[in-house]
1. Which residue out of A:394, A:388, A:415 is under 25 Å from residue A:515 (Cβ atoms), at pLDDT 90 or above and assigned by TED's automatic domain parsing to the domain that holds residue A:533?
2. Only residues that are surrounded by 14 or more Cβ atoms within 10 Å (Cβ to Cβ), under 27 Å from the mean Cα position of the chain (by Cα) and part of a loop (DSSP other than H, G, I, E, B): list them for region B:306-343, please.
3. Considering only residues that are outside any strand (DSSP E or B), out of contact with any helix residue (DSSP H, G or I) (no Cβ under 8 Å at 6 or more places or on another chain) and under 22 Å from residue B:187 (Cβ atoms), which ones fall in region B:39-55?
4. Which of the residues belonging to region B:96-115 are surrounded by fewer than 24 Cβ atoms within 10 Å (Cβ to Cβ) and more than 7 Å from every other protein chain (Cβ to nearest Cβ)?
5. Report whether or not residue A:521 is free of Cβ contacts under 8 Å to residues at least 60 places away in the same chain, within 25 Å of residue A:32 (Cα to Cα) and crowded, with 16+ Cβ neighbours inside 10 Å.
6. Please verify whether region A:63-72 includes one or more residues that are more than 12 Å from residue A:259 (Cβ to Cβ) and buried (at least 16 other Cβ atoms within 10 Å of the Cβ).
7. Looking for whichever is touching a strand residue (DSSP E or B) at 6+ places or on another chain (Cβ under 6 Å) and farther than 26 Å from residue B:180 by Cα here; the options are B:97, B:26, B:55, B:41. Which one fits?
8. So how many residues does region A:141-196 have that are more than 14 Å from chain B (Cβ to nearest Cβ) and either in contact (Cβ under 8 Å) with a residue 60 or more places away in the chain or part of a helix (DSSP H, G or I) (or both)?
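The values are calculated or read from the model by the stated rules, or taken from the named source; none is laboratory data. Only a predicted model underlies this, so the values are computations on that prediction, with no experimental measurement involved. Cβ placement follows ideal geometry from the backbone for every residue including glycine, while neighbour counts extend to all protein chains displayed.
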């Protein structure tokens, strides 16, 4: 593309801008029709009377009338807030540790974080139900060994929800903080030490301060993602942990009250947007995309530095105390020890599902009394499961193709144009990641109902493509960012025309990014549930939808077998994607 | 250039060594630096000079050996308690602090009263001519200005030893020469002991009291710039500092060396550890015509005019290059002209 820049930049600047941005147009139109319009319409519906079509605040009056909905809103905020806090507290040391590892280990450790991130929420939640349940792994081990007499209440309460939510969100927190931490020049901490700062002070005053934008971005993303959760609270929580998204699903699926669902969705969207706005005021949204943080000035900054200084002094005393109590060797092992524990927390529950899939028992006992393949036989001989599996694969494949094409062209457009609209377009393409999925899903449900796309594969593909576009755009944009555009210019000066440059130089060099984007989109679609709940109906279900339905009815070992299959598919895709993404 | 102030310390490095598994970053090395001395660690990249610097200030833990400052062993002293300043390559300025806050950082770490911090920061800013930029952030400064902030941040707390790791590496030539003079001035005014790392031999010659030449994780030669330039001990030293014509050959254990270009007379009293030796002649000591019976024949390949001098590059009969430096009054031969060059036997150096 920049071969175009080279040859035409001085003479035809106007045409250049046009030609580069043209590539983003299909994506912009697609998102306008299937993302912006349905979400806007949903917000509109919430202020319209469903009978007469006239303006009405009835839905909101109903929310305010009883304290049920406000209480659910409060619960949603509380759970999301605690989840964000715990994810940061657990994720920060892990991200810090991984950022300081030598390159060859860093990639491997990152996989331990990536695999749980991409593992389906359903599989993860199913795993926790098995681990935490009344007859679950922890309780059978605890009662079996006589530590406790009564099974511990670990499930269907706030503890269960927090475990599930934090487990799901720590990877996101780590992966958001990691780039910021990796970008911090390690010599700055050394410099602080040579200038007289003890290690603890050097860390807080320099490293921690510089990592704050990453911490804030991680907190924001975890908080917003948590607002829209429904799988984890539905299965791990009790009545006291009902969250907003669960109410929305009930309103649409069981009560068919669209305008009320619209009002609830609007509340969630507003909550998400307000969080973004506050973040933007404090740190600037560009930090999420890797830009530099804006520097706050005046009294707030002085206050912040003074606060850090106090924390630094306090932790300096703590560090000295710990060293005299535990000794230097033990202290040096604290961080790696903690990080391995967190990794075990992230990885083990999912792995525990594997032996259960091979159980010979009729029940989900742990350890299994014997092993066999009967539950895989049940899975593979059930037409319902097999059709759902085939549909999931097909939908994921088409979604991945569409999202990679749209995201790739958009990334190319943004990399080659220098307009001031670039930031806005980028934000629009990333928006499906910020707006809670449940809001998108409900919005698409209205639209598809009128277009007759409910319970069709096309509807699923469209919905999943909307969700997958941010992932493909970010992946491909990252590759294009490191791509040396002078190579295109070099090819042009060496006599290659634009097509030859594209096929001979550009595409071979960014191929890894394209394959990785394709696979990420594939995974996104393959274990997507929210849209599937609304859009796939009747017999036309996807694998996650079928799992959801089964899990609501009854836990059984078939689910373990299905989970293992989903886990293997996703992990394989992920490992291939990582191989392609990392430069050989 | 010995300082008169009594404040500065003396640094002794004894058998200091660093190994990472099977690779050795620094062979056991010893050296001592006098009070107020400007010592330069010079060598190609990977020669161990930065490792030695990091060992001295304690950022890297030594495998063996010790660092002694003012007669006190520093091995157990953590980085932040050693009385050492380090100017980093690429400066390592704190991006979240202003220029003044960067410079105040070491004073605050030492618990200085805020009035004293303010006055010392202001004085140091003046010293490096940056008073007007106190409120800026590092990224708003040019490379040369950032460099001066880094120097100010180090000089402000008056450490008795200052280590500098290629501090001028990122600057352009003109600015580099200017900053060399600036650093010499700060050195003179502060009286600090300075250990300076560079791979630029001209910089080392221009700035140092003594040069510690390093190669392959070892100290190759330690001496004054004049020592090392005029009396290199190894072919590497001769080749790395300045331009040299080096003829490898066999020393007869007496007054001559046998090379492929002929048998040459050595300076009186020249000795070498082994018979496998080399003769080094600097370009400015080569003249057209025979001298003391030392003659080589060649054919002119290139003539480079460089203002105060003219460099002639010839090919000897076996194709190896020969470099002569001619003064403004010398007759310059033409390209492809055959020449005879010679040197006074006392001007050549026998090296290992």
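1. Step by step, each of A:394, A:388, A:415 is checked, and only A:394 is under 25 Å from residue A:515 (Cβ atoms), at pLDDT 90 or above and assigned by TED's automatic domain parsing to the domain that holds residue A:533.
2. Residue satisfying the conditions is B:309 alone.
3. Residues satisfying the conditions are B:49, B:50, B:52, B:53, B:54.
4. B:97, B:98, B:100, B:101, B:104, B:107, B:108, B:111, B:112, B:113, B:114, B:115
5. Values: free of Cβ contacts under 8 Å to residues at least 60 places away in the same chain: no; within 25 Å of residue A:32 (Cα to Cα): yes; crowded, with 16+ Cβ neighbours inside 10 Å: yes.
Against the criterion (free of Cβ contacts under 8 Å to residues at least 60 places away in the same chain, within 25 Å of residue A:32 (Cα to Cα) and crowded, with 16+ Cβ neighbours inside 10 Å), residue A:521 does not qualify.
6. Taking region A:63-72 as the starting set, the residues that turn out to be more than 12 Å from residue A:259 (Cβ to Cβ) are A:64-72.
Next, from what is left, pick out any that are buried (at least 16 other Cβ atoms within 10 Å of the Cβ): A:69, A:72.
Yes: one or more hits.
7. Being touching a strand residue (DSSP E or B) at 6+ places or on another chain (Cβ under 6 Å) and farther than 26 Å from residue B:180 by Cα holds for just one of B:97, B:26, B:55, B:41, which is B:26.
8. 31
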